Amino acid sequence: MLVEQALAGAAAALRAAAVPTEALAELVPARRRILIRLAPTMRPLGEVWRVGSLLISADRNEWFTGGTATRAAERGRPGYQSVSREERREIAAAALRGGYAEGSSVSFDAVPLPLDGDGLRALGSDAPVGVLSVEGGPGAAPTEEVRVRWRAGADLSTAPTLEAFLEERVRLIAEREGA
């Protein structure tokens, strides 16, 4: 399993194609300090590329699953359209309070994925990646492949390998950016 090499190759290809990154942040919920209410904000964690359901770090050899994306924006006046809409507006304002420029894309609540085989094997079927043992030829030992599911719970036997997934998605992203 060469997860580090696959991630480094994908990051190099995205960088070479000048694909813009998006911010990765941690949502810091609202809190009180004595009698003062502090509004929610976002704490910067780095820059990532969104490649399908995965986030690949631009500056460290790390990868993450999913997360939620928002665009930094002013909170504005309450519209009382729905509670969920007001929550999304508050999250967008938290990104702005975290120092991100208005309109910039920010991913948060991303879960780090392990780089080692033991950590990957321990992931459940709800994770976007998993390890599949592939039988070798006669007399050959089985090998393990890291595969990427298209949806949670999908069978790993039909999922593409991490290398194939990254190669295809990075190519599509680079073509879109070049257009």
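Test each condition in (1) crowded, with 18+ Cβ neighbours inside 10 Å; (2) among the small types (Gly, Ala, Ser); (3) over 9 Å from the mean Cα position of the chain (by Cα) for Ser53 and report the one that comes out false.
(3)
For segment 145-169: of the residues being touching a strand residue (DSSP E or B) at 6+ places or on another chain (Cβ under 9 Å), charged (D, E, K, R) and under 17 Å from Leu7 (Cβ atoms), which is surrounded by the most Cβ atoms within 10 Å (Cβ to Cβ)?
Arg147
With segment 1-97 as the region, which strands (runs of 3 or more DSSP E) entirely inside it contain at least 3 residues that are within 26 Å of Trp150 (Cα to Cα) and touching a residue at least 40 places away in the same chain (Cβ under 8 Å)?
On the way: elements: 22-28, 31-33, 36-38, 41-51, 54-57, 63-65, 68-71.
Correct list: 22-28, 41-51, 54-57, 63-65.
Each row is one residue, and each column tells you yes or no for (1) modelled with pLDDT under 85; (2) under 29 Å from Ala25 (Cβ atoms); (3) touching a Ser or Thr at 6+ places or on another chain (Cβ under 7 Å).
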position	(1), (2), (3)
Ala101	no, yes, no
Ser104	no, yes, no
Phe108	no, yes, yes
Pro114	no, yes, no
Leu123	no, yes, no
Val131	no, no, no
Gly136	yes, no, yes
Thr143	yes, no, no
Val148	no, yes, no
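The values are calculated or read from the model by the stated rules, or taken from the named source; none is laboratory data. Worth saying up front: this structure is predicted, and the values here are computed from it rather than measured. Note that each Cβ is placed from the backbone with ideal geometry, even for glycine, and that neighbours are counted across all protein chains shown.
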